[in-house]
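See below for the structure under consideration.
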Amino acid sequence: MPATPDPAPSAYYQMSPGLVDKILLCATMIAGASGLAEYQAHIFPISMLVDSASAVFLGGLLLCRRHLSIQLKLVLMLLTGMVIALTSMVQNPYAPDGYMVMGGVLAVAFAHWPLRRAMLIPLLAVLGLVLITVLIQLHWVVIPPFTVQAENAASAWLILAMCMALMSVAIGGTIHELKARLLRHIGLLEGANARLEQYAFHDEGTGLGNERSLEKNIDADLAAGRSGCLLVLQLSGMELFHAIHGGKERDEQLRRIAQALTAGMPAGHLLAKLDGAQFALWARDVADSEALYQRARQCVLADPALARFGIVPGAASVSAPRDGASYRELMKNIQVALSMMPAQDFAGCLPFSADMARQMQASLVLKQQIRHALDHNGFYPVYQAKVHSSSHRNAGFEALARISGGAEVPGPGVFIPVLHEEGWMAEFGMLMLRRIIDDIPALVQAFGAETKVAANVSPPLFLSPEFVSDLTQLVQRSGIDPTRLIIEITEEVFAIDVERIRRVCRELQQLGIQISLDDFGSGFSSLSFLRSMHFDEIKIDRSFIASIEQDEKSFLLLTSICKLGQDLQCRVVVEGVETAAQLTRVEQTACTQIQGFLFARPLPLATILAAQQGVTAPSQSLPVHLPH
Ligand code: C2E
Ligand code: CA
Ligand code: CA
């Protein structure tokens, strides 16, 4: 339903038609009653006649009120009132009734009309009195002698005229001033209202509508039974642009994009600026999101500056009403699609599908499961044995994290990425370290004083400012020999802060804790770090071993890395040995230790200790070859 337009500010203080009719009714009754009273009292015959005639005239106006305009009714009513007032004043200038009627007439005039037009009433009244004065002086009008003494009449009416003028201007001026103030306030309020409206529904930076205006429009369209396609355009690379060029340049860039989209998209489409570097596009009665995206993309990339700065527009889309019956539902689903979008440089349009929602739900459940495990001591270490390559005797263990629960619980391949994404890695790492350090005495007691236990430590924990002091405290409190502990770090840490890693490694090594470089050869080469930093151990990535049987190059590389380790005086551990054939090849290298399913699978502490003590029942035979 279209909203009724607001009246102009000046209309706010005009009288409503209903009020004018009520005043008309009052005026009719007063004039009638006054005429009747004068008739009864046999006084002021002229006044009586004027009042009665006025009552009849006003009554007539009242009867035809529906056919007369408000302006005409007012003019006729005010003129009638003026005639009544003047007659009363002329008949008896010392009686108050005439002035009261005049005051009423003035109030009505000033309340409805602007100053200049309202001033006509006192002016006409003064002129009327002056005219009557002149007419009396000329004896053209004869006033009955019982009302006023004839010799005083002229001066009395002159004084009266001046009083009238003063009173009129005073009353009228006051009313006008009040009206002007009211009008000013209304103007201010309207201005403020317009600004609030602007803030509430517009994005200040780009001038486009904001999310609220988008919601209002989409909900209105959906309520009217219309279909459409909602596209959220995400500009990847904007954050980097912001970091390099600053907020002002970024805002300017967003403004240019808004202009390009406004100019390039069809007129019926609705554009809005969402938070961050996102724009929304609502296309009514459109089903093809890909074509819509391509057009929006062309608009954005038409600006060569954007391509130069590496800003890439990707998008997610939903179709209404299929993907939602309200803006909120559509937005919820488009967020799901956005969260599935590749993090960087995705230049395509990802339409929402019900499958995405299921994946999202599953990932939410997983997140909750992991958080629950963190909060309720649900993570525990299992231990995979490492053996000396020469003797196959136990050399120690690598601790690997697991979540307690049945077979359904996720493994490290699933929960480690979630812990990273959620920023829980440092918390998880300390939790694991505490449990591993608690287990070390039992392992050392069962497997001998030379047994070392390796713990995996992720970059966020390794580089956290409290890591060294927290670990020192843990080690000291547990009373273990720090040389029993190995910290495994991966090549990824070098991508962050090499100097800091050197310092932390040195500090840990001074305590006696050993540092192992895990997954060597899987990421970017850390050969240069091997030169400038001493590692106690290098663990060669599983991918090398997987292919050494068929691939001579992998074998050669493995041999070279083992030799390099030997030269650098650090142990070389070969991971992931699964078959006897792989073992044969590995044994031809200078590697120091071997870890793999061929020797042992990762097992809980209790199982390992039980196997070591030979108490495991034959039916529970372990998939582990623990050396004697
Ligand atoms: P990783 O540190 O390279 O650990 C070795 C992984 O290889 C373990 O997988 C182990 O079970 C597996 N493995 C060992 N021998 C063999 C073999 O012969 N064949 C095959 N196919 N696999 C073998 P897991 O336990 O699933 O752990 C996977 C990764 O998760 C670990 O790789 C490590 O990066 C991470 N991780 C596990 N526990 C922790 C932890 O407590 N802290 C941190 N930061 N990362 C952990
Ligand atoms: Ca490891
Ligand atoms: Ca590894």
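The values are calculated or read from the model by the stated rules, or taken from the named source; none is laboratory data. Computed from a prediction, not measured in an experiment: that's the story for all the values here. Cβ sites come from the backbone with ideal geometry, for glycine too, and all protein chains shown count toward neighbours.
A few comments on the model shown:
- Here ILE486 clears all of (1) part of a strand (DSSP E or B); (2) at pLDDT below 90 except the condition numbered (2).
- Residue in the stretch 528-540 that is free of Cβ contacts under 8 Å to residues at least 40 places away in the same chain, under 47 Å from the mean Cα position of the chain (by Cα) and within 16 Å of ligand 2 (Cβ to nearest atom) present: no
- Residue within the stretch 515-535 that is surrounded by 19 or more Cβ atoms within 10 Å (Cβ to Cβ) and modelled with pLDDT of 95 or more present: yes
- Breaking point among (1) of a type in the set (A, V, I, L, M, F, W, C); (2) within 16 Å of ligand 1 (Cβ to nearest atom); (3) touching a Leu at 6+ places or on another chain (Cβ under 8 Å), for VAL468: (2)
- Filter result for the condition that a residue is more than 16 Å from ligand 3 (Cβ to nearest atom) and surrounded by fewer than 22 Cβ atoms within 10 Å (Cβ to Cβ), over SER458, SER391: SER391
- Of all residues in the stretch 329-351, none that is hydroxyl-bearing (Ser, Thr, Tyr) has its Cβ atom under 6 Å from the Cβ atom of a residue that is surrounded by 15 or more Cβ atoms within 10 Å (Cβ to Cβ), 6 or more apart or on another chain.
- The stretch 297-338, subset among the acidic types (Asp, Glu) and either over 18 Å from MET356 (Cα atoms) or in contact with a helix residue (DSSP H, G or I) (Cβ under 6 Å, 6 or more places away or on another chain) (or both), residue modelled with the highest pLDDT: ASP323
- Enumeration of residues in the stretch 496-535 that are within 16 Å of ligand 1 (Cβ to nearest atom) and closer than 19 Å to VAL574 by Cα: GLN514, ILE515, SER516, LEU517, ASP518, ASP519, PHE520, GLY521, SER522, GLY523, SER526, PHE535
- Checking GLY448 against (1) at negative phi; (2) away from ligand 2 (no atom under 16 Å from the Cβ), the condition it does not meet: (1)
Yes/no per residue for (1) buried (at least 18 other Cβ atoms within 10 Å of the Cβ); (2) within 20 Å of ILE440 (Cα to Cα); (3) away from ligand 2 (no atom under 16 Å from the Cβ):
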{"residue": "ALA580", "(1), (2), (3)": "no, no, yes"}
{"residue": "GLU587", "(1), (2), (3)": "no, no, yes"}
{"residue": "ALA590", "(1), (2), (3)": "no, no, yes"}
{"residue": "ILE594", "(1), (2), (3)": "yes, no, no"}
{"residue": "PHE597", "(1), (2), (3)": "no, no, no"}
{"residue": "ALA611", "(1), (2), (3)": "yes, yes, yes"}
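- In the stretch 506-522, the qualifying residues are those that are assigned to a loop (DSSP other than H, G, I, E, B) and within 14 Å of ILE561 (Cβ to Cβ), and the one that is farthest from ligand 2 (Cβ to nearest atom) is GLY521.
- When ALA194, ALA267, ALA280, ALA243 are checked against the criterion of being of a type in the set (Gly, Ala, Ser) and at pLDDT 90 or above, a single residue qualifies: ALA280.
- Check on PRO460, modelled with pLDDT under 95 and assigned to a loop (DSSP other than H, G, I, E, B): no
- Residue within the stretch 296-303 that is farther than 19 Å from GLU422 by Cβ and assigned to a loop (DSSP other than H, G, I, E, B) present: yes
- Output for the stretch 560-605, where each listed residue is among the polar types (S, T, N, Q) and either near ligand 1 (Cβ under 10 Å from one of its atoms) or within 30 Å of PHE379 (Cα to Cα) (or both): THR579, GLN582, GLN593, GLN595
Let's see how each residue does on (1) hydrophobic (A, V, I, L, M, F, W, C); (2) touching a residue at least 12 places away in the same chain (Cβ under 8 Å); (3) loosely packed, with under 13 Cβ neighbours inside 10 Å:
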| position | (1), (2), (3) |
| --- | --- |
| LEU235 | yes, yes, no |
| ARG256 | no, yes, no |
| MET265 | yes, yes, no |
| GLY276 | no, yes, yes |
| ALA283 | yes, yes, no |
| VAL286 | yes, yes, no |
| ARG295 | no, yes, no |
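- Any hit, the stretch 383-396, residues being under 21 Å from LEU471 (Cα atoms), assigned to a strand (DSSP E or B) and at pLDDT 95 or above: yes
- Cβ separations smaller than 6 Å between residues 6+ apart or across chains give the following pairs from the stretch 378-405 residues that are within 16 Å of ILE487 (Cβ to Cβ) and in contact (Cβ under 8 Å) with a residue 40 or more places away in the chain to residues that are assigned to a strand (DSSP E or B) and away from ligand 1 (no atom under 13 Å from the Cβ): LYS386/ALA395; LYS386/GLY396; GLY396/LYS452.
- Every pair of residues 6+ apart whose Cβ atoms lie under 6 Å, when the first sits in the stretch 570-582 and is more than 18 Å from GLN550 (Cβ to Cβ) while the second is within 10 Å of ligand 3 (Cβ to nearest atom) and not in a loop (DSSP other than H, G, I, E, B): VAL573/LYS539; VAL573/GLN595; GLU575/LYS539; GLU575/ARG542; GLU575/GLN595
- Extreme residue, surrounded by the most Cβ atoms within 10 Å (Cβ to Cβ), among residues of the stretch 339-357 that are over 21 Å from ILE218 (Cβ atoms) and modelled with pLDDT of 90 or more: GLY348
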